[in-house]
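Below is one structure, written out as structure tokens; comments come after it.
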Amino acid sequence: LTDAEQHIVDKVFSNLEFETAKATIIAASFNSLDSLADLLVKAPTYRLMISGYTDNVGAKENNKKLSEERAFAVRDYLITKGVAESRLNAFGYGESNPIADNETPEGRAKNRRVEFEILK
């Protein structure tokens, strides 16, 4: 990816927010998601891997389901913006692969995330 393209992906990662315990994307996230959609529409050979994660609060089954629902919410949003469904893969991994300590509120917040990887 070019630096500009990576900046778009990073911006979406850092700006993406959902309603608490739901897969509803908060409206403040739409601008960065729109930028990602524009990038994907302009680069039709790019595919996107969308990976959802949660913290370790609650039942593992519920966390896995929530992470899947959030990843698919992003996928569905991008589809509405003109990105072909066949170019988008979405998966939920629940509380696996934490990037921070789940013992602190700050760590749990970092673990509740959706990651993006552009594949060429």
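List of remarks:
- Every residue from the range 73-83 that is closer than 21 Å to T45 by Cα, open to solvent by less than 80 Å² (accessible area, probe 1.4 Å) and in contact (Cβ under 8 Å) with a residue 40 or more places away in the chain: V74, Y77, L78, G82, V83
- Qualifying residue in the range 64-81 (condition: modelled with pLDDT of 95 or more, farther than 13 Å from A21 by Cα and not in a helix (DSSP H, G or I)): yes
- Sole residue being under 16 Å from T24 (Cβ atoms), touching a helix residue (DSSP H, G or I) at 6+ places or on another chain (Cβ under 8 Å) and among the hydrophobic types (A, V, I, L, M, F, W, C), chosen from V57, V83, V74: V74
- Residue count for the range 48-68, restricted to those that are surrounded by fewer than 17 Cβ atoms within 10 Å (Cβ to Cβ) and touching a residue at least 40 places away in the same chain (Cβ under 8 Å): 3
- In the condition set (1) in contact (Cβ under 8 Å) with a residue 40 or more places away in the chain; (2) of a type in the set (K, R); (3) farther than 20 Å from H7 by Cβ, R113 is compliant with all but (3).
- Pick from the range 4-47, criterion assigned to a helix (DSSP H, G or I), free of Cβ contacts under 8 Å to residues at least 24 places away in the same chain and polar (S, T, N, Q), ranking: surrounded by the most Cβ atoms within 10 Å (Cβ to Cβ): S29
- Residues in the range 84-114 that are in a loop (DSSP other than H, G, I, E, B) and touching a Phe, Trp or Tyr at 6+ places or on another chain (Cβ under 9 Å) were compared, and the one that is most open to solvent (accessible area, probe 1.4 Å) is R112.
The values are calculated or read from the model by the stated rules, or taken from the named source; none is laboratory data. Keep in mind it's a predicted model, so treat the numbers as computed, not measured. Ideal geometry is used to build each Cβ from the backbone, glycine not excepted, and the neighbour counts take in all protein chains shown. Only protein heavy atoms, including side chains, enter the accessible area calculation; ligands, DNA and RNA are left aside. Shrake-Rupley method; radii C 1.70, N 1.55, O 1.52, S 1.80 Å.
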